[in-house]
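Have a look at the structure below, then the notes.
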Amino acid sequence: MEPTTAILIGAGDRGARAYAPYALEHPNELKIKAVAEPNDERRDKIRLAHQLSRENCFSSWSEIFSMGKVADIAIITTMDQQHFEPTMQALALGYHVLLEKPMSPDPIECIEMERAAKQYNRQLTICHVLRYTEFWSTIKRVVSEGQIGKIASIQLNENVEVMHMAHSFVRGNWNNKEKSSPMILQKSCHDMDIIRYIIDEKCERISSYGSLMHFRKENAPKNAPERCLDGCPAEFACPFHAGRYYLGEGRNWAKKFTEDHSREGIIQALQETSYGRCVYQSDNNVVDHQVVNMEFTSGATATFSMCGFTREQTRMVQIMGTKGEIRGNMEDNSISIFDFLTKHETVIKFDHPMSGHGGGDDSIVRTFLRDIDHYEDNTSLSSAETSLRSHLMAFAAEESRLNRGESIELDDYYNRLTYV
């Protein structure tokens, strides 16, 4: 049986390191046939790794589509604001699409993408990889089997981790919501999605608070230069000093902004890119902490808290049911199930995942390849239709935050978008 063929649009961190490697590890299942990536070095790495001809390597997605349909699927992992157009064109050409989250920073574009997938009868799967992990799929099974009764409330904390916050959302690609998307959408649409997945009901209303509290110019150390390597007097007092971090414990993070991983290469990148800027003097405007409150059809509630000021990068969940409770920590990769009647506690410790996001990165590609064989009869676990609902929760949460926590009715919000 011949492997499924794919074009890769975007060879950054998610495209090159999360999804494309599946073709190298499982060549009988997936083969990359062409790539579109504006960065010469990244594009060339994909060419060499996947043994592509130069004729099948392009600097833009418009060029790759000029060939017409040359593969079965399109894996689209461009930046957030470049998701809509290549996805729409891929669907029109007949590709099934695996699309990195979020669908788009524009809710109307999200709605149009979901409609296009139906119009062209193509599978459009959004990379809500948490659904595909053993951690969350086990929680879903336990809830569905009624082991903790009916859900009354969920509390989910996303601990971003302080240096991840500084790297990705202060200095990095997702630091400015006008250039990428709001934090609740870019980082935490995963969380809106997994809460809805576990409760399995429509979210009726939502409210949110949050702000950019710390990473602001007025909090910069006295006499701090715009770039850390330009002689910052707070070098040994500031945890965010770029030189000390990226040349030390954060050296692996430096691989995300330079292809030259030598000390000299990292220093040059810190002098030339945004990753060498003072965290208090960057052009960031996304929140560094946010809370969201949700109410669902049955009356069940959920609270979500995203915070950049944590020691570890993990998600911690507490699901409170009428017969029992589930607690879990993704960093520990374990969950605890407690029965109110018997007082028995069952602890499940999962194996160490072999791919990112708790094993979800590999699992979503594997599942997507199987789904497209039955796409006419099957709705994928994270189809555009399913994902649209959790995206709208994120969009509504951001609108609430900007309006001082005003409660947003989700049906009213959707109707406003569709009747514009």
Would you mind listing the helices (runs of 4 or more DSSP H) fully within region 77-155 where at least 3 residues are over 26 Å from ASP411 (Cβ atoms) and either in contact (Cβ under 8 Å) with a residue 24 or more places away in the chain or in contact with a helix residue (DSSP H, G or I) (Cβ under 6 Å, 6 or more places away or on another chain) (or both)? 84-93, 134-144
Pick from region 26-50 the residues that are part of a loop (DSSP other than H, G, I, E, B) and either under 25 Å from ILE372 (Cα atoms) or touching a residue at least 24 places away in the same chain (Cβ under 8 Å) (or both): which of them is farthest from the chain's Cα centre (by Cα)? ASN28
Of (1) surrounded by fewer than 24 Cβ atoms within 10 Å (Cβ to Cβ); (2) in a helix (DSSP H, G or I); (3) touching a residue at least 12 places away in the same chain (Cβ under 8 Å); (4) not small (Gly, Ala, Ser), ILE64 satisfies every one except (1)
Residue match in region 350-365 (condition: farther than 26 Å from ILE148 by Cα, free of Cβ contacts under 8 Å to residues at least 60 places away in the same chain and either surrounded by 17 or more Cβ atoms within 10 Å (Cβ to Cβ) or touching a strand residue (DSSP E or B) at 6+ places or on another chain (Cβ under 6 Å) (or both)): no
Taking ASP288 as the residue in question, decide whether it is at pLDDT 95 or above, out of contact with any Asp or Glu (no Cβ under 8 Å at 6 or more places or on another chain), under 28 Å from ALA166 (Cβ atoms) and buried (at least 21 other Cβ atoms within 10 Å of the Cβ). yes
Out of all the residues in region 367-379, is one or more among the hydroxyl-bearing types (Ser, Thr, Tyr) and under 19 Å from LYS202 (Cα atoms)? yes
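Every residue, every condition in (1) more than 30 Å from ALA11 (Cβ to Cβ); (2) modelled with pLDDT under 95; (3) outside the structural domain of LEU402 (by TED's automatic domain parsing), yes or no:
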position: LYS187; (1), (2), (3): no, yes, no
position: PRO225; (1), (2), (3): yes, no, yes
position: ASP230; (1), (2), (3): yes, no, yes
position: ALA234; (1), (2), (3): yes, no, yes
position: CYS238; (1), (2), (3): yes, no, yes
position: ALA242; (1), (2), (3): no, no, yes
position: TRP253; (1), (2), (3): no, yes, yes
Yes or no: GLU345 over 22 Å from TYR197 (Cα atoms) and touching a residue at least 12 places away in the same chain (Cβ under 8 Å)? no
Of the residues in region 280-302, those that are of a type in the set (S, T, N, Q) and under 25 Å from ILE154 (Cα atoms) come to GLN290, ASN293, THR297, SER298, THR301
When residues of region 250-277 are limited to those that are loosely packed, with under 14 Cβ neighbours inside 10 Å and under 24 Å from the mean Cα position of the chain (by Cα), the one farthest from VAL162 (Cα to Cα): GLU259
Please work out if ALA20 is in contact (Cβ under 8 Å) with a residue 40 or more places away in the chain, of a type in the set (Gly, Ala, Ser), surrounded by 16 or more Cβ atoms within 10 Å (Cβ to Cβ) and not assigned by TED's automatic domain parsing to the domain that holds GLN186. yes
Test for ARG17: is it under 23 Å from the mean Cα position of the chain (by Cα), modelled with pLDDT under 95 and part of a helix (DSSP H, G or I): yes
I need the full set of residues from region 226-240 which are surrounded by 15 or more Cβ atoms within 10 Å (Cβ to Cβ) and either charged (D, E, K, R) or assigned to a helix (DSSP H, G or I) (or both), in order please. ARG227, GLU235
When you check TYR95 against the structure, is it farther than 26 Å from GLY172 by Cα and among the hydroxyl-bearing types (Ser, Thr, Tyr), yes or no? yes
List, please: which pairs have Cβ atoms under 9 Å, are six or more places apart or on different chains, and start with a residue in region 192-203 that is of a type in the set (Ser, Thr, Tyr) and end with one that is surrounded by fewer than 23 Cβ atoms within 10 Å (Cβ to Cβ)? TYR197/LEU130; TYR197/LYS140; TYR197/LEU381; TYR197/THR386
Only unsatisfied item for HIS344, checking (1) out of contact with any Lys or Arg (no Cβ under 6 Å at 6 or more places or on another chain); (2) crowded, with 16+ Cβ neighbours inside 10 Å, is (2)
So, in region 206-225, of the ones that are farther than 21 Å from LYS177 by Cα and out of contact with any Phe, Trp or Tyr (no Cβ under 6 Å at 6 or more places or on another chain), which residue ends up surrounded by the most Cβ atoms within 10 Å (Cβ to Cβ)? ALA224
Determine, yes or no, whether ILE337 is part of a strand (DSSP E or B), more than 28 Å from SER407 (Cα to Cα), modelled with pLDDT of 95 or more and more than 18 Å from the chain's Cα centre (by Cα). yes
From the list SER144, SER168, SER137, which residue is surrounded by 19 or more Cβ atoms within 10 Å (Cβ to Cβ) and small (Gly, Ala, Ser)? SER168
How many residues does region 276-331 contain that are in a strand (DSSP E or B) and either within 14 Å of LYS150 (Cα to Cα) or not charged (D, E, K, R) (or both)? 26
Examine region 45-59 for a residue that is among the acidic types (Asp, Glu), surrounded by fewer than 21 Cβ atoms within 10 Å (Cβ to Cβ) and at negative phi, and state whether such a residue exists. yes
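The values are calculated or read from the model by the stated rules, or taken from the named source; none is laboratory data. Every value quoted in this text rests on a predicted model; they were computed, and no experiment measured them. Ideal geometry is used to build each Cβ from the backbone, glycine not excepted, and the neighbour counts take in all protein chains shown.
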